[in-house]
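J.: Please read through the structure below; I'll follow up with questions.
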Amino acid sequence: MIDTLYREERSLLHGYDCRLKLIVLPLLVVFYFLPQSLLINGGLTLLLLILTLFILGVKDLYAPLKMIYPLLILIFILTPLFHKTGAVYISTGSMIFVTSHGIMEALHYVFRLTGISFLFFLFFRTTAMEDILLGLSWFRLPYVVTLVISISLRYIPHLAGLYEQIKAAHGLRCGVNDISVTKKRWTKVRGLFPILVSLMIQSVKTIPLLTMALELKGIGRDNRRTRLRGLPQVHSVKQQLVVSLLILTVLAGLLIRFR
C-alpha cells in the first residue's frame, strides 16, 4: 500500500513547508463554501489551474479534469433545472429549462468542484506521504490516527493503479480477430464487469499484507514509538509563513469586498 500521487521534483510547492500546507489546505477548502461572488470563485479556480500548468505540466493539468469531467457535465445539465429564477434562456411553453440564475449556480458548483479537486491534487502531488504523516504528528495527532489517514489517502490511488493494471492484463487476452472494446459502447460497458470482479478479488487479497504492514509499524504495542525520519528542514519557513498569511488575508479581503 505504497501508491501515492507524489512526484518528486524541485519546485516552489515541493519546497513549501508541509505544516503550512496542512493549515492552508482546509482553509482554502472552507473558502470555497463561503458565500462569495462568481468572479472570486472562478478567479481562484483559474489561478489553481495556472499554478498546476506551470509547476506540474500539461499532463498533470489534464489528469484531474479527466476524472471529474462527467460530474461537471452532470452539474451543467441538472443544476439549471432546479433554479427557475432570472432571465429565461431556454423554455418550452410553461416549462423553463435554463435561466440566468441557473447558469450562475451551475458555474458556482463547477468552480467549487474543480477548485477543491485541484487543491487536493496539488497537495498530494507535491507532498510526500511521509511528510504528511510527520506534519500531522507535529500537530499532536495520535499515531494511530495518522496511520488511519495514511491508509485512507493511499487506498484510492492504490485502487486506481490496480484497476489500470487489471485492465491492461484483460486487454492482453484479446485475440487478433476479436472485436475492439472501444468500437462498441455496450461491449465496453459489459467489459467492465470482469475487470471490477478482478479488482474486488485483488483488493481482498491485500488485507493480509496490510495487516502485516500495520504490525510492522507498531500497531498494538504499548511502548513509546521512536522516529528515524524527521520533517525536512526548510530554510525559508518564516518567508513562507508570511506568504501564507498574505494569501489568506487577500482572500478574506476579497470575500468582504465582493461578496
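J.: Using the structure shown, list the pairs from LYS59/LYS217; LYS21/LYS59; LYS167/LYS205; LYS66/LYS167 with a Cα-Cα distance above 26 Å, or answer none. Don't skip to the end; give the middle numbers.
T.: Numbers: LYS59/LYS217 35 Å; LYS21/LYS59 23 Å; LYS167/LYS205 18 Å; LYS66/LYS167 17 Å.
Pairs exceeding 26 Å: LYS59/LYS217.
J.: Please calculate how many Å² of accessible area the chain carries per residue, with a 1.4 Å probe and no DNA, RNA or ligand atoms counted. Spell out each step's value before the answer.
T.: Working: 17770 Å² over 259 residues.
Here the per-residue accessible area is 69 Å².
J.: Within the chain, which DSSP H helices have Cα atoms that stretch 18 Å or more along the helix axis and a mean Kyte-Doolittle hydropathy of at least 0.0?
T.: Details: long enough: 18-32 (21 Å, 2.01); 38-56 (26 Å, 2.56); 58-78 (29 Å, 1.64); 100-126 (38 Å, 0.92); 143-172 (43 Å, 0.82); 192-216 (36 Å, 1.59); 237-258 (31 Å, 1.80).
Taking the DSSP H segments of the chain (at least 18 Å long, mean hydropathy at least 0.0), we get 18-32, 38-56, 58-78, 100-126, 143-172, 192-216, 237-258.
J.: Which peptide among 119-126, 57-64 comes first, and what is the full order, when sorted by highest mean count of other Cβ atoms within 10 Å?
T.: Result, highest mean first: 119-126, 57-64.
J.: Could I ask something else about it? Considering the options TYR109, GLY171, ILE68, tell which one lies farthest towards the positive end of the dipole of the chain, charges being +1 on Lys and Arg and -1 on Asp and Glu at the Cβ, about the Cα centre.
T.: Selected residue: GLY171.
J.: Using unit Cβ charges (K, R positive; D, E negative) and no other charged atoms, how large, in debye to the nearest 20, is the dipole of the chain about its Cα centre? Before the final figure, lay out the partial values.
T.: Numbers: 28 positive and 12 negative charges, 49 e Å.
The calculated dipole for the chain is roughly 240 debye.
J.: Another one. Hey, what does the equivalent ellipsoid look like for the range 18-78, semi-axes from the Cα gyration tensor as sqrt of 5 times each eigenvalue, largest first, whole Å? It would help to have the intermediate numbers written out before the result.
T.: Working: eigenvalues 85, 71, 27 Å².
The equivalent ellipsoid of the range 18-78 has semi-axes of 21, 19, 12 Å.
J.: Once you wrap a convex hull around the alpha carbon atoms of the chain, what is its projected area averaged over all directions, in nm²?
T.: Working: hull surface 79.9 nm².
Projected over every direction and averaged, the Cα hull of the chain covers 20.0 nm².
J.: Taking the Cα centre of the range 1-92 as origin and charging only Cβ (+1 Lys, Arg; -1 Asp, Glu), how large is the dipole, in debye to the nearest 20?
T.: 160
J.: Using just the helices of the chain, give the 222 nm mean residue ellipticity in deg cm²/dmol: DSSP H runs with n ≥ 4 each add -39,500 (n - 2.57), and the total is spread over all residues, rounded to 500.
T.: Values: 9 runs with 175 residues, N = 259.
Per the formula, -23000 deg cm²/dmol.
J.: I'd like the accessible area for LEU78, computed on protein heavy atoms only with a 1.4 Å probe and all protein chains in place. Round to 10 Å², please.
T.: 80
J.: Counting only protein heavy atoms and a 1.4 Å probe, tell me what percentage of the chain's accessible area is made up of carbon and sulfur.
T.: Values: 12220 of 17770 Å².
Looking at the chain in its full context, I get 69 percent from C and S.
The values are calculated or read from the model by the stated rules, or taken from the named source; none is laboratory data. Note that this is a predicted model, so its numbers are computed, not measured. Cβ coordinates were reconstructed from backbone atoms using ideal geometry, including for glycine residues, and neighbour counts include every protein chain displayed. Heavy atoms of the whole protein, side chains included, go into the accessibility calculation; ligands, DNA and RNA do not. Shrake-Rupley method; radii C 1.70, N 1.55, O 1.52, S 1.80 Å.
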